[in-house]
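Take a look at the structure set out below.
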Amino acid sequence: MINLEKLEQAGRLIIEGIGENPDREGLIDTPRRFAKMMEEQCRYTSISNKEIAEKNNKCFYCDNDNMVIVKNIEVFSRCEHHLALMYNMRISVGYIPCDKVIGLSKIARIADSVCRRLQIQERIGKDIFEILSDILETSDIIILIEAEHSCMTARGISKPGTITKTITAGGVFSAPALKKKEEFLAAIRGN
Ligand SMILES: [Zn+2]
């Protein structure tokens, strides 16, 4: 459960920790705003993937197995190692329907929900995969995530523009034979 009071205290401590005066005019309401922001960004911390699946289980009958692709769902999240923002995050999902398709907006809603937790990019893909395979009753699903991590771009090694890509795939998308074929094609296309 989100504890606004604790978050507000934490906000005040951060301000004190950097040697600022939390009672000066510009900062007086900052702990409260910080608490609200964290509440909004971490709203799904105590809500399970199962519950997200139940909430978004809006499907329609489909009698073909043509691939469905939803590209570039824009979201952001916070990394669990630094609480830093993962931003410019674009999620693309593909799947092969097995008698049913999910409402397209639900895919975006699922992606948005799992990002409202402390995350690592790899787990965001795994969470979306788990929820979609639960709803769609198939593992023929692939998820590509591209994001910038402010813990890499704005601190430490400070490399703006560095993009992290992760792929989570199951069923036909992860068949070893297919992977090998792609590996081969990628190799001969390169130098
Ligand atoms: Zn980080």
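Structure values in brief
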quantity: GNM top mover of 139, 105, 150 - the chain, alpha-carbon springs below 10 Å; calculated: 105
quantity: Rounded tilt (10° steps) of 4-17 against the dominant C-alpha axis of the chain; calculated: 60 degrees
quantity: Between 0 and 90°, nearest 10: helix 121-136 axis offset from the chain longest Cα axis; calculated: 50 degrees
quantity: Candidates 40, 20, 148, ranked by Gaussian network fluctuation over the chain, Cα under 10 Å, top entry; calculated: 20
quantity: FRET efficiency, 1/(1 + (r/R0)^6) with R0 25 Å, evaluated for residue 2 and residue 33 via beta carbons; calculated: 0.95
quantity: Cα long-axis angle, helix 176-189 against the chain (0 to 90 degrees, to the nearest 10); calculated: 80 degrees
quantity: Of 14, 47, 141, the one that fluctuates the most in a GNM where the chain has Cα springs shorter than 10 Å; calculated: 14
quantity: Peptide ranges 153-162, 51-60 listed from the most packed, as the mean C-beta count within 10 angstrom indicates; calculated: 51-60, 153-162
quantity: Cα coordinate range in the chain, projected on the principal axes (Å, largest first); calculated: 62, 46, 20
quantity: Sites residue 120 and residue 24 - FRET efficiency at Förster radius 25 Å, r taken between beta-carbons, to 0.05; calculated: 0.10
quantity: Average Cα contact separation per residue, region 16-119, under 8 Å, 6 or more apart, as relative contact order %; calculated: 34 percent
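Every number in this text was worked out from the coordinates using simple rules, so none of it is lab data. Predicted model only: the values in this text are computed from it and were never measured. FYI the Cβ positions are ideal-geometry reconstructions off the backbone, even for glycines, and counts take in every protein chain you see.
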